[in-house]
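Before any comments, here is the structure.
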Amino acid sequence: MHTQSTQSTLSTPSTPTILAAHRYVSSHAPARTRQDIIRRLNAYALKNPGCPADVVDECAIDMAYLIHKERCILIPVPDHNGNTAANTRLAEAIALHARCSRVEVRDILTRAEPVESTCARHRHKLGPLPVEAHRIVTKPHQPFHLAPIYFVDNVATSGNTLAACAAALHGFGTGLVYADASR
């Protein structure tokens, strides 16, 4: 079930636009509706490569609805350890449901070294990791035709991870997330 998308544009010019299927309601704030609770649980579940297929599919349908291009490239965002398994699975599911004539999933980003997770930083009240500290880099990959690029992730918190992905691709790309907590 798709609800109205949210779109955030953060203040720095290097930060990509963020397209989100839903608004994220923090676990520290009282959930307003049953849907808020379900979305929060889905967003958290998407972090795990073993997330149930029906959850991945439901979230992918909502995210695919936001893509309005004839062709595009979906690039999974690496987790704090550089692993892209969960977001690659999500990107592949989005590709199946996108209305585009051609969607490519390109697993080309990783981290030069692990960083502290957003959840851990939040627990320790450290605030978001600065863009340059994310250490997101490209993996060796084959060249590809230029098309609109979407960085696929479960949740946008500050937008810095998505900005680091865009920086790794010289400023190109738009964030495509299930839930947006950056507003």
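Total residues in region 93-116 satisfying the condition of being surrounded by 15 or more Cβ atoms within 10 Å (Cβ to Cβ), farther than 24 Å from residue 170 by Cβ and either polar (S, T, N, Q) or out of contact with any strand residue (DSSP E or B) (no Cβ under 8 Å at 6 or more places or on another chain) (or both): the figure is 2. From the set of residues in region 65-85 that are within 15 Å of residue 102 (Cβ to Cβ) and part of a loop (DSSP other than H, G, I, E, B), which is farthest from the chain's Cα centre (by Cα)? Among those residues, the one meeting the criterion is 70. Only one of the listed residues (172, 144) is at pLDDT below 95, over 16 Å from the mean Cα position of the chain (by Cα) and either of a type in the set (Ser, Thr, Tyr) or part of a loop (DSSP other than H, G, I, E, B) (or both). That residue is 144.
Just one of (1) among the polar types (S, T, N, Q); (2) under 17 Å from residue 44 (Cβ atoms); (3) outside any loop (DSSP other than H, G, I, E, B) fails for residue 88. It is (2). Inspect region 76-89 for any residue being among the aliphatic types (A, V, I, L, M), crowded, with 17+ Cβ neighbours inside 10 Å and at pLDDT 95 or above and give the result as yes or no. The answer is yes; a qualifying residue exists. Looking only at residues of region 91-101 that are part of a helix (DSSP H, G or I) and among the aliphatic types (A, V, I, L, M), we find that the one that is nearest to residue 129 (Cα to Cα) is 91. Checked across region 143-153, the condition of being charged (D, E, K, R) and buried (at least 23 other Cβ atoms within 10 Å of the Cβ) holds for at least one residue.
The values are calculated or read from the model by the stated rules, or taken from the named source; none is laboratory data. Note that the structure is predicted; figures quoted are calculated from it, not measured. In this analysis, Cβ positions are derived from the backbone assuming ideal geometry, glycine residues included, and neighbour counts consider all displayed protein chains.
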